[in-house]
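Okay, here's the structure, questions in a sec.
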Amino acid sequence: MKVLVTAGATREPLDAVRYLSNISSGATGSAIAEFLATAGHEVTLLHGEGSVRSSATGVTCGAFGSTEQLGARLESALCQGGFDAVVHAAAVADYRPETVHAGKLGSYADELVLRLVPTPKLLPRLKGWSPTPLRVLGFKLTAGADPATRAAAVGKLFATGGVDAVVHNDMDELGSAGAGRTFRIYKAGDSAAAAHALGVPALCAWVEGWVRGG
């Protein structure tokens with residue numbers, strides 16, 4: 001199978017040297033890409049500029065900065081056709097500065113006020129960019145959410161369309177090592193997780209089975 005994986009954080013520029021971003025390291029997405037390549041799939045990994053990068057054989061890498069740049073790279077890759085699946089694990093910013101200032105903003109202002117505007121949602125657009133059938137796996141992160149809030153957040157991804165399955169985890173579990181980190185896996189129509197992957201290796205194995213049609 002030919003698989004496109006995204007990983008890591010976007011960087012939304014504020015001026016020539018500053019940007020807004022998030023804590024994603026890209027480690028999980030990179031691990032998935034390497035696992036898929038080891039299993040014999042043809043893998044392209046698009047990773048954030050400051051994210052973990054794979055040097056594994058069989059993984060073709062490319063970097064992105066902003067959400068706009070990531071969208072352009074996804075569209076360029078997918079419009080050529082040939083991809084069977086997208087594993088969209090990148091932590092895409094929900095907002096960006098309305099204005100990108102030329103040069104470097106001064107360092108001694110008493111106050112700096114930023115106006116943020118929404119970034120475009122990429123997940124619902126992926127299938128439309130591909131001229132061939134495409135399966136899409138999305139990721140959702142919550143922070144200290146109870147089960148009902150988690151399910152509602154996942155449901156919003158399905159409601160926007162364009163996604164076949166969603167992997168969810170919560171900030172409260174990010175520091176857990178090994179099998180202590182739980183990934184909850186939802187498929188369309190599920191009100192509760194259809195499966196659980198305990199730890200990144202287990203998630204990688206589940207994703208590989210999903211890529212093969214599981």
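The values are calculated or read from the model by the stated rules, or taken from the named source; none is laboratory data. Bear in mind that the values here come from a model prediction, so they are computed numbers and not experimental data. All Cβ positions, glycine included, derive from the backbone under ideal geometry; neighbour counts span all protein chains shown.
Tell me, please, whether a residue that is crowded, with 23+ Cβ neighbours inside 10 Å, more than 18 Å from PRO201 (Cα to Cα) and among the small types (Gly, Ala, Ser) can be found in region 41-48.
yes
Going by the structure shown, is SER76 outside any helix (DSSP H, G or I) and either touching a residue at least 40 places away in the same chain (Cβ under 8 Å) or within 17 Å of LYS121 (Cα to Cα) (or both)?
Against the criterion (outside any helix (DSSP H, G or I) and either touching a residue at least 40 places away in the same chain (Cβ under 8 Å) or within 17 Å of LYS121 (Cα to Cα) (or both)), SER76 does not qualify.
Somewhere in region 77-84, is a residue farther than 17 Å from GLU208 by Cα, surrounded by fewer than 18 Cβ atoms within 10 Å (Cβ to Cβ) and either within 13 Å of the chain's Cα centre (by Cα) or modelled with pLDDT of 95 or more (or both)? I'd like the intermediate steps shown before the answer.
From region 77-84, those farther than 17 Å from GLU208 by Cα are 77-82; that's our starting set.
Next, only the ones that are surrounded by fewer than 18 Cβ atoms within 10 Å (Cβ to Cβ) stay: 79-82.
Keeping just the survivors that are either within 13 Å of the chain's Cα centre (by Cα) or modelled with pLDDT of 95 or more (or both) gives 79.
Within region 77-84, one or more residues are farther than 17 Å from GLU208 by Cα, surrounded by fewer than 18 Cβ atoms within 10 Å (Cβ to Cβ) and either within 13 Å of the chain's Cα centre (by Cα) or modelled with pLDDT of 95 or more (or both).
What number of residues within region 51-65 are crowded, with 22+ Cβ neighbours inside 10 Å and closer than 19 Å to THR119 by Cβ?
2
Just one of the numbered conditions (1) in a helix (DSSP H, G or I); (2) buried (at least 23 other Cβ atoms within 10 Å of the Cβ); (3) more than 11 Å from the chain's Cα centre (by Cα) is not true of GLY29; which one?
For GLY29, the failing item is (3).
Of the residues that make up region 7-23, is at least one among the small types (Gly, Ala, Ser), touching a residue at least 60 places away in the same chain (Cβ under 8 Å), surrounded by 23 or more Cβ atoms within 10 Å (Cβ to Cβ) and assigned to a strand (DSSP E or B)?
Going residue by residue through region 7-23, those that are among the small types (Gly, Ala, Ser) are 7-9, 16, 21.
Then drop every residue that is not touching a residue at least 60 places away in the same chain (Cβ under 8 Å), which leaves 7-9, 16, 21.
Imposing the further condition that a residue be surrounded by 23 or more Cβ atoms within 10 Å (Cβ to Cβ) reduces the set to 7-9.
After this cut, where a residue has to be assigned to a strand (DSSP E or B) as well, the list is 7, 9.
Looking for residues that are among the small types (Gly, Ala, Ser), touching a residue at least 60 places away in the same chain (Cβ under 8 Å), surrounded by 23 or more Cβ atoms within 10 Å (Cβ to Cβ) and assigned to a strand (DSSP E or B), one finds at least one in region 7-23, hence yes.
Could you tell me whether any residue of region 36-44 is assigned to a helix (DSSP H, G or I) and either of a type outside the set (Val, Ile, Thr) or in contact (Cβ under 8 Å) with a residue 24 or more places away in the chain (or both)?
yes
Read through the list (1) of a type in the set (A, V, I, L, M); (2) more than 13 Å from the chain's Cα centre (by Cα); (3) under 27 Å from ALA193 (Cβ atoms), then give the number of the only condition that VAL136 fails.
Exception for VAL136: condition (2).
For region 39-55, state whether one or more residues are of a type in the set (S, T, N, Q), at pLDDT 95 or above and more than 14 Å from the chain's Cα centre (by Cα).
The initial filter retains those residues of region 39-55 that are of a type in the set (S, T, N, Q), namely 44, 51, 54-55.
Going one step further and asking which of them are at pLDDT 95 or above, we end up with 44.
Within this subset, residues satisfying the condition of being more than 14 Å from the chain's Cα centre (by Cα) are none.
The answer is no, given that none of the residues of region 39-55 is of a type in the set (S, T, N, Q), at pLDDT 95 or above and more than 14 Å from the chain's Cα centre (by Cα).
Further, regarding this structure: Considering every residue within region 4-13, establish whether at least one is among the acidic types (Asp, Glu) and at pLDDT below 95.
Within region 4-13 (the criterion being among the acidic types (Asp, Glu) and at pLDDT below 95), the answer is no, since none of the residues qualifies.
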